[in-house]
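Okay, structure first, notes after.
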Amino acid sequence: MPSLDHTIVHSSDRFASARFLAGLLDAPEPKAYGPFAALRLDNGVTLDYADRIADGREFVPTHYAILVSEEEFDGIFARIKERGLPYWADPHHTKPQQYNTHDGGRGLYVDDPDGHSMEFLTRTYSDELLAGL
């Protein structure tokens, strides 16, 4: 079955943004790979952070969902709170300083330095939940 290998995450400072996520995940330091700051996730997918396009075009902040274990969520949540970062239970940012409990798991959203919405969730959303959204 095909699987995602990597994706490019546009940023204003590739290493600062990659380090932000690596810090929340307690992951190793991002590696320089050509014009990218590469952050490899445990499932083998790499987030290749790239600096803003030189011709001045803006990029649109995007959503990235990262599936984590309950133990990993506890660590991420603790690091978010230690840093005093705002977080939300929903993608529209209407439920501040809360996390959700969809499908019996936990999930939350935090914005990275460039406004990308980073979602951390402990359960993949079920078909029943998705049908109700």
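Quick notes
- LEU4 vs. criteria out of contact with any Leu (no Cβ under 6 Å at 6 or more places or on another chain) and either surrounded by 14 or more Cβ atoms within 10 Å (Cβ to Cβ) or touching a residue at least 60 places away in the same chain (Cβ under 8 Å) (or both): no
- Hey, ASP90 among the acidic types (Asp, Glu), without any contact (Cβ under 8 Å) to a residue 60 or more places away in the chain and closer than 22 Å to SER11 by Cβ or not: no
- Test: residue in region 54-70 that is acidic (Asp, Glu), more than 15 Å from ASP111 (Cα to Cα) and in a loop (DSSP other than H, G, I, E, B): yes
- Subset tally (residues that are within 13 Å of the chain's Cα centre (by Cα) and touching a residue at least 40 places away in the same chain (Cβ under 8 Å)) for region 38-51: 5
- Residues of region 92-104 satisfying the condition of being out of contact with any strand residue (DSSP E or B) (no Cβ under 6 Å at 6 or more places or on another chain) and either farther than 25 Å from ALA16 by Cβ or at pLDDT below 95 (or both): HIS92, THR94, GLN98, THR101, HIS102, ASP103, GLY104
- Residue that is surrounded by the fewest Cβ atoms within 10 Å (Cβ to Cβ), among those in region 72-121 that are in a strand (DSSP E or B) and not hydrophobic (A, V, I, L, M, F, W, C): PRO96
- Matching residues in region 25-42 - criterion: being assigned to a loop (DSSP other than H, G, I, E, B) and touching a Leu at 6+ places or on another chain (Cβ under 8 Å): ALA27, PRO30, LEU41
- In the set (1) on the phi < 0 side of the Ramachandran plot; (2) of a type outside the set (S, T, N, Q); (3) open to solvent by less than 40 Å² (accessible area, probe 1.4 Å); (4) not in a strand (DSSP E or B), ASP48 fails one condition alone, (4).
- Filter result (of a type in the set (Lys, Arg) and in contact with a Phe, Trp or Tyr (Cβ under 6 Å, 6 or more places away or on another chain)) within region 41-93: none
- Annotation: of all residues in region 39-70 being of a type in the set (A, V, I, L, M) and in contact with a His (Cβ under 8 Å, 6 or more places away or on another chain), the one that is nearest to GLU119 (Cα to Cα) is LEU47.
- Pair list, Cβ under 6 Å, 6 or more apart: region 11-37 residue more than 18 Å from ASP74 (Cα to Cα), other residue in a helix (DSSP H, G or I) and of a type outside the set (Gly, Ala, Ser): ALA37/ARG14; ALA37/PHE15
The values are calculated or read from the model by the stated rules, or taken from the named source; none is laboratory data. Keep in mind it's a predicted model, so treat the numbers as computed, not measured. Don't worry about glycine lacking a Cβ; one is built from the backbone with ideal geometry, like all the others, and counts go over all protein chains shown. Remember, those area values only see protein heavy atoms, side chains included, never the ligands or the DNA or RNA. Shrake-Rupley method; radii C 1.70, N 1.55, O 1.52, S 1.80 Å.
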